[in-house]
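Input: a single structure, listed below in structure tokens.
Read-outs throughout are calculated quantities, based only on the coordinates presented, and are distinct from any laboratory measurement. Worth saying up front: this structure is predicted, and the values here are computed from it rather than measured. Please note: Cβ atoms are built from the backbone with ideal geometry, for glycine as well, and neighbour counts cover all protein chains shown.
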Amino acid sequence: MKRTTWRSVALGLLLALAGLRATAQATSCPPAPVIPGAQQIQAAQRSARDHGFLWRISKDGRTSHLYGTLHVGKLDWAFPGPLLREALAQADALAVEVDLTDPAVAQAMVASAAQRAALPNALQLRLRRQIAAACLDEATLAALHPLMQAITLTVLAARWEGLDAGYAQEIVLGLAARAKPMPIIALETAQAQLALLVPDDEAQQQRLLDQMLEQLEQGRVRPVMRRLAAVWAEGRIGELEDYAQWCDCADTAQDRAFLAQLNDARNLPMAERIDALHQDGRRLLVAVGALHMTGEQGLPRLLAARGYRVERLRPPAPP
């Protein structure tokens with residue numbers, strides 16, 4: 001890809017991170033994202049190497065790629081390594097869960113998440129305490145459903161581990177696609193994703209909120225984030241396959257059913273959409289959350305069952 005394209009990506013990252021600055025900078029606050037300078041960005045481009053999980057899928061004389069992403073990241077991961085860069089160069093469209101680089105999509109997600117919910121006083125107080133612990137003004141999240149507020153707080157907790165949503169691979173690749181330019185195809189709608197994250201049943205909403213707040217209160221979010229980031233960065237697919245065993249999120253049958261609904265149940269419709277786009281002549285780079293690549297219902301296995309040749313691509317071992 002041309003140098004000017006990656007300069008555009010770097011500018012987009014700067015703008016994204018600038019909008020994510022913390023409202024307070026006390027030592028007890030999660031670290032705000034550091035806005036990198038030109039030299040830091042150039043160094044990150046020069047030293048870029050492959051992270052995450054990449055597959056080549058081939059059928060009917062065409063090749064596409066699957067890329068399992070992490071929804072947070074850091075500057076060192078922001079620019080694609082050689083294998084991912086080549087996959088992007090070969091593609092004529094980028095397929096993502098939802099296009100987070102489209103302002104209209106972002107607005108739709110906020111609008112869809114703006115659901116009021118009455119909470120018991122105890123839950124409301126705990127939520128307010130976590131908002132204060134993240135050094136946010138309550139007004140910042142007030143328009144969001146309480147569950148979406150808790151999810152936002154969970155993502156912000158990753159900043160303690162040097163991880164930020166502004167460096168998520170979907171954003172980086174989306175900016176690159178727009179700079180190329182290349183079509184970006186959404187495999188899902190923002191409304192469908194939010195319907196999964198915020199169940200209709202009010203009792204289930206409160207149970208999920210209680211669990212997320214408990215994980216934040218007891219400091220259990222950061223160790224899981226730290227391990228997930230290491231597993232992703234080092235491409236340890238076997239450990240990712242066992243995510244339910246160590247995520248502290250699937251201890252009961254009800255939890256495991258919700259995790260399956262949140263992850264596995266979405267894979268078949270996505271596989272069908274990917275297959276249809278590929279058969280329509282598209283050469284895709286499909287970038288979706290890495291957990292969608294795991295298990296018997298993971299995208300690599302589902303597409304292999306549809307007649308694709310599926311090959312895992314791995315970077316050479318460091319010298």
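With θ set to phi - 60° and the Karplus curve 6.51 cos²θ - 1.76 cosθ + 1.60, what are the ³J(HN,Hα) couplings of region 138-150 in order, to the nearest whole Hz, using x for Gly and Pro?
So the Karplus estimates, Gly and Pro as x, are 4, 5, 4, 10, 4, 6, 8, 4, x, 5, 5, 4, 5 Hz.
Dipole of region 3-313, Cα-centred, from +1 at each Lys and Arg C-beta and -1 at each Asp and Glu C-beta, to the nearest 20 debye?
Computed charge dipole of region 3-313: roughly 1020 debye.
Express the relative contact order of the chain as a whole percentage, based on alpha carbon pairs under 8 Å and six or more residues apart in sequence.
Relative contact order of the chain: 31 percent.
Treating the angle as unsigned and between 0 and 90°, give the value, to the nearest 10°, between the Cα long axis of helix 121-133 and the longest Cα principal axis of the chain.
Roughly 60 degrees, rounded to the nearest 10.
If each residue of separation counts as 0.36 nm, what is the full-extension length gain between GLU188 and ARG207 once their alpha-carbon separation is subtracted?
Result: 4.2 nm gained on full extension.
Kindly work out what percent of the DSSP beta bridges joining two residues of the chain are antiparallel, to the nearest 5.
Roughly 50 percent of the DSSP beta bridges within the chain come out antiparallel.
Which of LEU302, ALA132, ALA93 sits farthest toward the positive end of the charge dipole of the chain, with +1 on the Cβ of Lys and Arg and -1 on the Cβ of Asp and Glu?
The Cα lying farthest towards the positive end belongs to ALA93.
Amide H to amide H, which residues 5 or more places from THR294 or on other chains are under 5 Å from it, using H placed in the peptide plane?
Amide H to amide H, under 5 Å and 5 or more residues apart or across chains, THR294 pairs with LEU299.
Quote to one decimal, in nm, the extra length available between GLN124 and ARG314 on full extension: 0.36 nm per residue of separation minus the C-alpha distance between them.
Full-extension gain reported as 63.8 nm.
Highest GNM mean-square fluctuation, the chain, Cα pairs closer than 10 Å: which of ILE237, ILE184, ILE274?
Comparing ILE237, ILE184, ILE274 in a Gaussian network model of the chain, the most mobile one is ILE237.
To the nearest 20 debye, what charge dipole does region 268-319 have about its Cα centre, counting +1 at the Cβ of each Lys and Arg and -1 at the Cβ of each Asp and Glu?
It comes to approximately 160 debye.
So what J values fall out for region 249-266 if you push phi through Karplus, 6.51 cos²θ - 1.76 cosθ + 1.60 with θ = phi - 60°, rounded to Hz, Gly and Pro as x?
Result, rounded to whole Hz: 9, 9, 7, 10, 4, 5, 5, 5, 5, 5, 4, 5, 5, 6, 10, 4, 5, 7.
What ³J(HN,Hα) values, in whole Hz, does the Karplus curve 6.51 cos²θ - 1.76 cosθ + 1.60 give for region 228-244 when θ = phi - 60°, with x put for Gly and Pro?
Result, ordered by residue: 4, 5, 5, 4, 5, 4, 9, x, 8, 5, x, 5, 5, 4, 8, 3, 4 Hz.
If R0 is 30 Å, what FRET efficiency do you get for ARG85 and GLN218 from their C-beta distance, rounded to 0.05?
0.15
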